[in-house]
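Since the structure comes first, as structure tokens, the remarks are kept for the end.
The values are calculated or read from the model by the stated rules, or taken from the named source; none is laboratory data. Everything quoted here is computed from the prediction, not taken from an experiment. Reconstructed Cβ throughout: ideal geometry from the backbone, glycine too, with neighbour counts over all protein chains shown. The protein model used for the area step is the full one, side chains on, heavy atoms only, and it has no ligands, DNA or RNA in it. Shrake-Rupley method; radii C 1.70, N 1.55, O 1.52, S 1.80 Å.
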Amino acid sequence: MQIQADTTLIEAARRIAPVIRDHRDEAERERRLSPPVLAALHEAGLLRMCTPRSLGGLETDPLTRALVIEEISGHDSAAGWSLANALDWAYLCARLPDEGAEEIYGRPNVVIAAQFGRPMQAAPAPGGYRITGRAPFVSNCYDANWIATTATVMAEGQSGAEAKSEPAPVMVYLPCESCEVIDTWHVMGMRGTGSNDVAVNEVFVPKARTFPFVPEFTPGSHYQGPLYRFPLIGVVASNLPPLVLAVARRAIEEVSALAQGKVPVASSTLLRGRASAQSKLAQAEAALRSGRAFLYETLGEAWDAAVAGETLSLRQKADLLLAMTHAVSSAVKAVELMCSIAGTSGIYTRSPLQRYFRDVQVLRHHAFAAETRYETVGQVYLGLPPDFPALAF
């Protein structure tokens, strides 16, 4: 399959690869993206791929964006995630009032960190809300200018578990200086993403920096291109799976090189001569290539529909969710097969394989691509209401 993409941005990603490789161990050790890598991503313009042109962005199509993230992630998964995650939240700014979007992008080198799985509390106040709460998994929290979160709007005079909320939560954008970062990111994989908890207490947010977190919305005046008609599930499908695919490709390359010289214990032949190694390598290639092809084919079809002005149906959104879930699970399978071939050679910290394994074990649990999403897709295909609300967005 021939993928049509903007090669300029892909080449820009390749040019900064040496910086990323030079600092990937530092990111793993410090549990956050290294400043030189963040600077390189800014300089290459990659953090502006989901920002509209009228606000200084590139408004990049999802296929190009996926290939760029795949390229970056092949050099360091944490750098790939830090890029992809920031792009998700930039895309959601299409739902803000113009005043809010213009305020957020009224400074250079904007990075938005966010989460929406654990809502905070929003107490109505004149002209906005006062936000209180704590939320996990806020990647890029150390490097963000703005931190966004969903929040449940509390009835006046009530708070906490007893409070009655309005039907729809809101998404709110907080200045980073108003947020406390709580150092919780002590994890097995994806350590360099700095995905700590963030807490706020009675921080006022004007309504211009909020929007109702509901499926139906009218894009702001800066967000009239097809990218902002593309569904959320499509944006995540162009940002998350390419990262995992890149890790799996590196694992296959690592084991292919290892097999040329390793003689396993109690064997007189090279690892490459083992039938089990040959079979597992072939299975991994089939899983990885088929998952990748299905992903890019589905993304391409959905993007063509969006460019043509179509609104994607629930079935088409389910197709995107399936392609994303299958790509991630196929990549995880490929990495696990490679670790099986490598044996004890992959268990040492000096081996890249142990990090590939750790990283995919974290990534496979992402809510948008966990194995339970197969059930969500099956529900749609069988005419049942899906159990994953984000599919409606």
Subject >> Within the accessible area of the chain (1.4 Å probe), percent carbon and sulfur >> reply: 53
Original post:
If Lys and Arg each add +1 and Asp and Glu each add -1, what is the summed charge of the other residues whose beta carbon sits under 14 Å from the beta carbon of E99?
Top reply: 0
**OP:** Counting residues in the range 1-78 as N, plug N into 2.2 N^0.38 Å and put the Cα Rg over that result.
**Re:** 1.13
Original post:
Any idea how far the Cα center of the range 202-234 sits from the one of the range 305-377, in Å?
Top reply: 27
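Do any trypsin sites (Lys or Arg not before Pro) in the range 325-393 lie in a DSSP loop with no more than 14 other beta carbon atoms within 10 Å, and if so, which? Kindly include the intermediate steps, with their values, before the conclusion.
Working: sites: K333, R350, R355, R358, R364, R373; in loops: R350, R364.
Loop-located and lightly packed - R350.
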**OP:** Percent of Cα-Cα pairs per 5 Å bin, from 0 to the last occupied bin, for the range 49-160, please list those.
**Re:** 2, 10, 18, 20, 20, 14, 8, 4, 3, 1, 0
Original post:
What's the FRET efficiency of S256 with Y381 using the Cβ-Cβ distance as r and R₀ = 41 Å, to the nearest 0.05?
Top reply: 0.65
**OP:** Quick one: among V247, V335, V181, which has the greatest mean-square fluctuation in a GNM of the chain with alpha-carbon springs under 10 angstrom?
**Re:** V181
Subject >> the range 286-393: GluC sites (Glu not before Pro) in DSSP coil with no more than 13 other Cβ atoms inside 10 Å >> reply: E310, E371
Subject >> Computed over the range 281-328, the ratio Rg/Rh where both radii use C-alpha atoms and Rh is Kirkwood >> reply: 1.10
**OP:** Working from Cα positions, state the angle (0 to 90°, nearest 10) between the long axis of helix 62-73 and the longest principal axis of the chain.
**Re:** 60
Original post:
By how many degrees, 0 to 90 and rounded to 10, does the Cα axis of helix 241-259 deviate from the longest principal axis of the chain?
Top reply: 20
Original post:
Taking the Cα atoms only, what angle lies between the long axis of helix 314-342 and the longest principal axis of the chain, rounded to 10 degrees?
Top reply: 40
**OP:** Could you give me the percent of Cα pairs per 20 Å distance bin for the chain, shortest bin first, beginning at zero and ending with the bin that holds the maximum distance?
**Re:** 27, 57, 14, 1
**OP:** Would you mind telling me which residue in E59, E71, E253 has the biggest mean-square fluctuation in a Gaussian network model of the chain, where springs connect alpha carbons within a distance under 10 angstrom?
**Re:** E253
**OP:** Have a look at the DSSP beta bridges in the chain and tell me what percent are antiparallel, nearest 5.
**Re:** 80
**OP:** For the range 275-393, count the residues as N, evaluate 2.2 N^0.38 Å, and divide the Cα radius of gyration by that value, please.
**Re:** 1.26
**OP:** State the three equivalent ellipsoid semi-axes of the range 191-302, derived from the C-alpha gyration tensor as the square roots of 5 times its eigenvalues, in descending order and whole Å.
**Re:** 46, 21, 9
**OP:** Would you look at the GNM of the chain, springs on alpha carbons closer than 10 Å, and say which of G383, G117, G189 moves the most?
**Re:** G383
